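First up is the structure itself, then whatever we jot down about it.
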Amino acid sequence: MSVWRSRAVQALRLFPLGLMAATAFVAYAVIVWTLPRGFDWTDEAFVDVMIASNRVAVGEPWGFQHLLNPLYVLTGESVLALRIMRLGGYVLLSVALVLLARAILRRLSIAVGRSGWLAVLLIAQVGTFVAWSYPPRYLSHNELASWLSQIGVALALLSLAWGLSGTDARLAARALWPVWLGLGAATALLVFAKVTSGVAFAAVLALIYLVPNSTFRAWKRGTAAGAGAAAVLLLLWGSGYPIRAYWHNVTSLFLDPSAQADFDHPISELVAMYGRTLADAGKAVLPALALFALAMVTARLARRHSGGGAWRWASWLLGALLVVALLRLPKVSVWDYLGALIVFLGLAGVIGLLVLRGEGATTHGSAAHRRIAVAAGGIALTAAPFISAVGTNNNLPGQFLFAATLWAVLLGVALVLLAEHDMALRSPAQVIPVAIVCTLLLMSALAVKASADEPYRTPSLWSQDTTTSAPEFRGMLLTKGEAEWMDWMSNAGKSLHADGVPTIAISSPGALYAFNHSGYANPRIESYLPVSVSSVRSACRKGPPKDLFVLQPGTAVSDGPSTVGVAAALAECGIDFPGDFALAASREAPEPAFDMRIWRLAPHRTPADASSWPP
């Protein structure tokens, strides 16, 4: 009888893991099924043209495209390949962060069982799922900044853990040389992927550097970090990264008033928005966080009182109320909802660690040193998503969705440690961590499905099932109208021998991507983006082109602000649009967005019947 009872108890303990694994499997199935479906013809098209053309940006400090272009070429130059890399990146990130968390806890002599680490890995998938819950699914500076900043913070925490462990200096040196090499390399890559994130991470790394570490002296840390950064710089220089042009854009953004005006995102405006949106997210999660804190305190009291009846009921009640509070997070918009969910992940993880108060940890050094190291680690851990997001002109908590994995691992570790303590004492409070992790995983999985039902700027992904002959979209499934449009644009580019010819696309980066993905000007010319119109002016000033295409979709009417802006920019270098152009090809479609007129600068005129091309 006792054997059957022990087996039943073991089965009950494994049930939450099974439920979490099943939820994660279904969410990944949805992601994989929808991976080739749909396309964002604005932001995703802009990013893909930047990567495909390897364009040297003007007036904007974009550098991610130079890092991703070699991978784009190596993997076959397609949208689908970029999306697969994005998914693979998030999966590998979750595995890497869990392995680093395991190394950190081992340095501090905190034991977690295999099933516990499996649970943490499953919870880490919340970070992957929220990144796939907001429909733009392209690989860009957001992902690079997210991955590098989270890995960098985890490496910094590992360095602090080695400093607290009292390990032999020789053994520590063998481990920390590669850690600080990696930190230096991550800093350099961040600077050239997204400069604001690079600066923010460098500030956090400077704080970690200042924490005393008798096992790996400051000069060694500085030398290793400098060597890592130098290696990256040498690699970038050797691969042809336009370092000088990139730094010119960066310095202009901070020092040139005209560049700041074109960029149109004053720092004061961004700071005000960050504060407002963070306050809104804090208000949204306050009830859930208060219940979480009460639940954690109750769990500790339940352990002290050996799980008495009153504490058992209190634990269950608080767990139920917490689940309800999480499920009732405001859903005013997907962006705000996901931001609030991620803020809960981070703050709840911090609360969980504060409740644990380092139970089971073995550290060395003076009390002051331990306090300094813990404070620096806490700042770095809290700052990780901010490092990735800083510089955005979007809702700040919503931007955290690209960098939520580390906070998910943080909360997962805290909850697993609490659950294992409760299981060891057979406390009923163990139901609270189990309920929280299952709820969070389920919420993020449901958000993945919701993004497939109502995606960004395109119909439901489930309804998109038409292929296109455009090489960049091979393997992709679009709506019938979009697929026919891409077929036409791709064929037009081939028939007009547009490869390598400077091209300007008015409000139509998707058409530009299929036509010839020219990097002559900003891929997304919009009147409300002054820097995009300025890019035409800057390109023209370098020397009026001898050959030039202008793509004008049906939505960009002749007297529209974007069309007028392009005409005015070209006029500054003596080109009259459309007076100096001939109509090379045109297309009419039921939807104006799929209409297209392709203009070509004289003397490359085409026959009078060009408007009927292709036959």
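The values are calculated or read from the model by the stated rules, or taken from the named source; none is laboratory data. Predicted, not measured: the structure shown is a model, and the values here were computed from it. Glycine also receives a Cβ, built like all others from the backbone with ideal geometry; neighbour counts cover every protein chain displayed. Note: accessible area is taken over every heavy atom of the protein model, side chains too, but ligands, DNA and RNA are not part of it. Shrake-Rupley method; radii C 1.70, N 1.55, O 1.52, S 1.80 Å.
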Answer from Phe201, Phe216, Phe192 - the residue that is closer than 26 Å to Gly391 by Cα and touching a helix residue (DSSP H, G or I) at 6+ places or on another chain (Cβ under 6 Å): Phe201
Does Leu71 fit the bill of being under 30 Å from Lys542 (Cβ atoms), open to solvent by 30 Å² or more (accessible area, probe 1.4 Å), of a type in the set (A, V, I, L, M, F, W, C) and free of Cβ contacts under 8 Å to residues at least 24 places away in the same chain? yes
Search result, residues across segment 526-552 that are surrounded by fewer than 22 Cβ atoms within 10 Å (Cβ to Cβ) and not in a helix (DSSP H, G or I): Glu526, Ser527, Tyr528, Leu529, Lys542, Gly543, Pro544, Pro545, Lys546, Asp547
Of everything in segment 408-440, what is modelled with pLDDT of 85 or more, crowded, with 24+ Cβ neighbours inside 10 Å and either touching a Ser or Thr at 6+ places or on another chain (Cβ under 9 Å) or not in a helix (DSSP H, G or I) (or both)? Give them in sequence order. Ala408, Val409
The number of residues in segment 191-213 that are of a type in the set (Phe, Trp, Tyr), buried (at least 22 other Cβ atoms within 10 Å of the Cβ) and either touching a Pro at 6+ places or on another chain (Cβ under 9 Å) or under 12 Å from Leu160 (Cβ atoms) (or both) is 0
Show the residue pairs that are 6+ apart or on different chains and have beta-carbon atoms under 6 Å apart, the first residue being within segment 16-32 and in contact (Cβ under 8 Å) with a residue 60 or more places away in the chain, the second being β-branched (Val, Ile, Thr) and open to solvent by less than 50 Å² (accessible area, probe 1.4 Å). Pro16/Val434; Ala27/Val448; Val30/Val448
So, in segment 567-615, of the ones that are at pLDDT below 90 and outside any loop (DSSP other than H, G, I, E, B), which residue ends up nearest to Ile525 (Cα to Cα)? Ala593
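Among residues belonging to segment 106-116 that are open to solvent by 20 Å² or more (accessible area, probe 1.4 Å) and in contact (Cβ under 8 Å) with a residue 40 or more places away in the chain, point out the one that is nearest to His364 (Cα to Cα).
Applying the first criterion (open to solvent by 20 Å² or more (accessible area, probe 1.4 Å)) to segment 106-116 yields 106-115.
Within this subset, residues satisfying the condition of being in contact (Cβ under 8 Å) with a residue 40 or more places away in the chain are 107-113, 115.
Working: Arg107: 11, Leu108: 9, Ser109: 11, Ile110: 14, Ala111: 17, Val112: 21, Gly113: 24, Ser115: 29 Å.
Among residues in segment 106-116 that are open to solvent by 20 Å² or more (accessible area, probe 1.4 Å) and in contact (Cβ under 8 Å) with a residue 40 or more places away in the chain, the one nearest to His364 (Cα to Cα) is Leu108.
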Segment 68-78, subset assigned to a helix (DSSP H, G or I) and touching a helix residue (DSSP H, G or I) at 6+ places or on another chain (Cβ under 6 Å), residue farthest from Thr128 (Cα to Cα): Asn69
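Yes/no per residue for (1) assigned to a helix (DSSP H, G or I); (2) at pLDDT 90 or above; (3) surrounded by 13 or more Cβ atoms within 10 Å (Cβ to Cβ); (4) β-branched (Val, Ile, Thr):
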| residue | (1), (2), (3), (4) |
| --- | --- |
| Leu326 | yes, yes, yes, no |
| Ala340 | yes, yes, yes, no |
| Leu354 | yes, no, yes, no |
| Ala368 | yes, no, no, no |
